[in-house]
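The values are calculated or read from the model by the stated rules, or taken from the named source; none is laboratory data. As the structure is a computational prediction, the values presented were derived from the model and not from experiment. Neighbour counts are summed over all protein chains in view; Cβ atoms, including those assigned to glycine, are modelled from backbone coordinates with ideal geometry.
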Amino acid sequence: MNDWRAFAWKRAQVSLIAGLGYPLINVLGQTLRFHVEGLHHYDAIIASGRQPVMAFWHGRILPATFYFRRRGIVVITSENFDGEWIARIIERFGYGTARGSTTRGGRRAMVQLIRAMRAGKPAGFTLDGPRGPAHSAQPGAVWLAHATGNPILPFHLEAARAWTLRSWDRTQIPKPFTNVALVVGEPMPVGADATDAQLESARVELEQRLANLERRAQEMVRSA
């Protein structure tokens with residue numbers, strides 16, 4: 001009976017968090033003023049009949065979730081308590097979910113992403129998620145691009161005014177009515193015949209590209 005009560009309480013918590021989280025993020029997102037550079041790279045990939053493997057840092061999940069809503073992007077969400085309420089929120093924003101993580105169910109989640117991309121869906125990766133270290137790219141996005149033939153599309157968002165959480169990723173929550181810079185970089189192909197050394201080189205290059213995009217986004221919000 002105690003196990004059943006604990007399970008029921010967890011389900012109630014998930015429903016409560018998701019029920020409050022979606023409208024709060026949606027209302028906040030509607031107030032943000034996005035200044036966008038490089039979105040034509042996304043459009044060009046779609047126009048070519050391919051799908052982007054979208055890649056960014058974990059600390060910018062909130063504005064990214066709002067801006068790229070309703071595009072059918074499939075992302076990995078954990079199978080734990082946090083992953084459940086996160087999945088419910090982002091699904092309401094029009095995202096698909098592949099359940100798993102780098103520590104549990106990761107292979108199954110990657111298979112789901114491959115299937116989703118073959119069905120014409122973009123994929124999204126928080127490169128340093130789910131636990132960091134911050135701004136250190138995990139190999140998942142590079143591996144998915146290698147497996148599917150789709151290019152990686154790095155991007156970064158930066159808010160002019162924001163609350164920064166004391167979390168490992170320094171999550172940024174933009175303040176209402178602030179300017180948010182979104183910089184989308186050039187597509188990054190990964191060859192189907194790439195060696196392990198070349199895949200590692202691509203991972204390092206991806207980190208460098210994200211660092212450059214972050215600097216550019218910071219420049220944009222300072223001048224907006």
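Residues that are outside any loop (DSSP other than H, G, I, E, B), hydrophobic (A, V, I, L, M, F, W, C) and farther than 22 Å from F34 by Cα are absent from region 54-71 altogether.
Filtering A197, A202 for residues that are part of a helix (DSSP H, G or I) and surrounded by fewer than 19 Cβ atoms within 10 Å (Cβ to Cβ) leaves a single hit, A197.
Looking at the structure I just gave you, is A64 touching a Leu at 6+ places or on another chain (Cβ under 8 Å), free of Cβ contacts under 8 Å to residues at least 40 places away in the same chain and crowded, with 17+ Cβ neighbours inside 10 Å? So A64 does not fit the description; no. Taken together, the residues in region 1-39 that are among the β-branched types (V, I, T), modelled with pLDDT of 70 or more and part of a helix (DSSP H, G or I) amount to 4. Filter region 73-89 for residues that are modelled with pLDDT under 80 and not in a helix (DSSP H, G or I); which is farthest from L113 (Cα to Cα)? Per the stated criteria, the residue is N80. Could you check, for region 100-118, whether at least one of its residues is polar (S, T, N, Q), farther than 17 Å from Q172 by Cα, surrounded by fewer than 19 Cβ atoms within 10 Å (Cβ to Cβ) and under 14 Å from the mean Cα position of the chain (by Cα)? Yes, region 100-118 has at least one match. Number of residues in region 19-63 that are closer than 18 Å to E91 by Cβ and aromatic (F, W, Y) equals 1. For region 152-184, filtering for residues that are charged (D, E, K, R) and modelled with pLDDT of 95 or more leaves 3. Counting only strands (runs of 3 or more DSSP E) that sit wholly inside region 90-180, those with at least 2 residues that are in contact with a Lys or Arg (Cβ under 8 Å, 6 or more places away or on another chain) and of a type outside the set (S, T, Y) are 96-99, 152-159, 162-164, 172-174.
Conditions (1) at pLDDT below 90; (2) over 22 Å from L206 (Cβ atoms); (3) of a type in the set (K, R), marked per residue:
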residue: T103; (1), (2), (3): yes, no, no
residue: G106; (1), (2), (3): yes, no, no
residue: A119; (1), (2), (3): no, yes, no
residue: D128; (1), (2), (3): no, no, no
residue: P133; (1), (2), (3): no, no, no
residue: S136; (1), (2), (3): no, no, no
